[in-house]
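I have placed the structure first, in the form of structure tokens, so that the comments after it can refer back to it.
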Amino acid sequence: MALKRIDLFLFVPGVPLGAIPNGVCTYAKNLVALLDQTDVAVTLIAKSTVGEATNEAVYEYYDRKKSVVRKVLTRLIGIRSEEGFPARRFSKFAARLARNQRSVVEMEEVFGHSLTVGKYVKAPVAVRLHGPWFLVGSALGVNKDAAYHDRVRREGDAIFAAAAVSAPSRFVLDEVEKFYDRELNKKIVLPNPFPEYRKDDQWRGAVSESQTAIFIGRFDLVKGADIFIEAAFLAAKKIDGFRAIFVGPDGGRLEFHGCGNLSRDEVIAECERRHGISSPVEFLGRRPAVDVTALRKDASLCVVASRVEMFSYTVAESLAQGVPTVASRVGGIPEMIIDGVNGLLFESEDANALASQIETIVRDPALAERLSHAALHTVRTKYSGEALRGAYLDFYNEIAN
């Protein structure tokens, strides 16, 4: 007998998915495409809305128009207890939409929110581990005060109470079990679906006039902005005409080589003073996806210098375009890149090692071509829609049953 359709209620930070530079939104966008034309119907549960959603079924989780009674109750019972109001409202919506059909709720775990939703909705709640706070908060250097420990405890309670837990890398699951010293009952590694690019968007090859490394990420410590900038100066001293392109939002300030909290311009000035050369780094700021695709296509290589990554979409996009990639050996990245086969790795924090790997690719076009072909093979066999669709469908069917 054929199984009934599954209604998947997928929580996202906001919509439209393509307009928000957020890894969860990128994952959701690719997942919706992956599940198109299957028996899983996706409804996005948006916590905020930044514009009109196109071709996306969306439910707005937080009601903007709160009644006077609701506002008074919120003040009396506190913001944490107030989370029960949208959860109850959502449970009624989900029950109406999924009537006589199977349903699954999937959401990132933040502040124990999935536990609240699970109390009211009549559907299994699957937690997707995009970035547990004990990992992300530590990388950001947040103060591990009472608020930090309270959030970590609440997230742990919710993670282990979920019907199932999925993660884009084995690294995340292992770290959760190690940190909380507990074993997850229902767990699975489901890599984030990779984007698909047209043939015209593929890397155009190791051309001699292009000696450019591109970095895509925030100007902050988590993404390793300081490591990339330092490595760019080191590489420029050895490679004639070398350029480094920095694409992404300016996070304001960051700690740099014991010089204190510096702005972007101050970081560059400090590097120019120490290295005695003009900056090879060009800052382009935030750019639309189509521009980023074009910039990657024409670069010599892509650099990912993160200090922590559950699953790097910058790596995923680079591999999917066949761009030679150098990335830090952290988190889930070594599960995506086999050093020397489909990319090159370096030890995080080591700008000299990163500069050396950049030079290796720039000076060896044959190696760059081999890395490119291997990257595309990896994507086709391990991360394409054809490779992942069955695993996702089996996961949702098992939970729904």
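For region 224-347, the share of accessible area belonging to carbon and sulfur comes to 48 percent (1.4 Å probe, ligands and nucleic acids excluded).
In the chain, helices alone account for a calculated mean residue ellipticity at 222 nm of -13000 deg cm²/dmol, with every DSSP H run of four or more residues adding -39,500 (n - 2.57). Compactness of region 71-187, taken as the C-alpha radius of gyration over 2.2 N^0.38 Å, stands at 1.15.
Segment Lys238..Arg363, full-extension length gain: 43.9 nm, with 0.36 nm per residue of separation and the alpha-carbon distance subtracted. Against the empirical curve 2.2 N^0.38 Å, the C-alpha radius of gyration of the chain lands at a ratio of 1.04. Hull volume per residue, based on the alpha-carbon atoms of region 211-330 and their convex hull, is 100 Å³. Listed peptides 294-303, 361-370 appear in the order 294-303, 361-370 once ranked by packing, highest mean of other Cβ atoms within 10 Å at the front.
Note on surface exposure: Leu371, Leu97, Leu284 rank Leu97, Leu284, Leu371 by accessible area, highest first, 1.4 Å probe.
Calculation over all alpha carbon pairs of region 332-401 in 10 angstrom steps from 0 returns a P(r) of 18, 35, 25, 14, 7, 1 percent. Phi-derived couplings, Karplus 6.51 cos²θ - 1.76 cosθ + 1.60 at θ = phi - 60°, listed residue by residue for region 271-281: 5, 5, 5, 6, 8, x, 9, 6, 5, x, 8 Hz, with x used for Gly and Pro. Computed on protein heavy atoms with a 1.4 Å probe, the accessible areas place Glu196, Glu335, Glu155 in the order Glu196, Glu335, Glu155, largest first.
A Cβ-based charge dipole, computed about the Cα centre of region 153-295 with Lys and Arg at +1 and Asp and Glu at -1, lands at about 240 debye. The shape of region 149-227 can be summarised by an equivalent ellipsoid whose semi-axes, obtained from the alpha carbon gyration tensor, come to 38, 19, 10 Å from longest to shortest.
In the context of the full set of protein chains, residues of the chain present 46 Å² of accessible surface per residue (probe radius 1.4 Å, heavy atoms only).
The values are calculated or read from the model by the stated rules, or taken from the named source; none is laboratory data. These numbers were taken from a predicted model, which means no experiment stands behind them. For neighbour counting, all protein chains shown are included, and Cβ atoms are generated from backbone atoms with ideal geometry for every residue, glycine included. Ligands, DNA and RNA are excluded from the accessible area calculation, which covers all protein heavy atoms including side chains. Shrake-Rupley method; radii C 1.70, N 1.55, O 1.52, S 1.80 Å.
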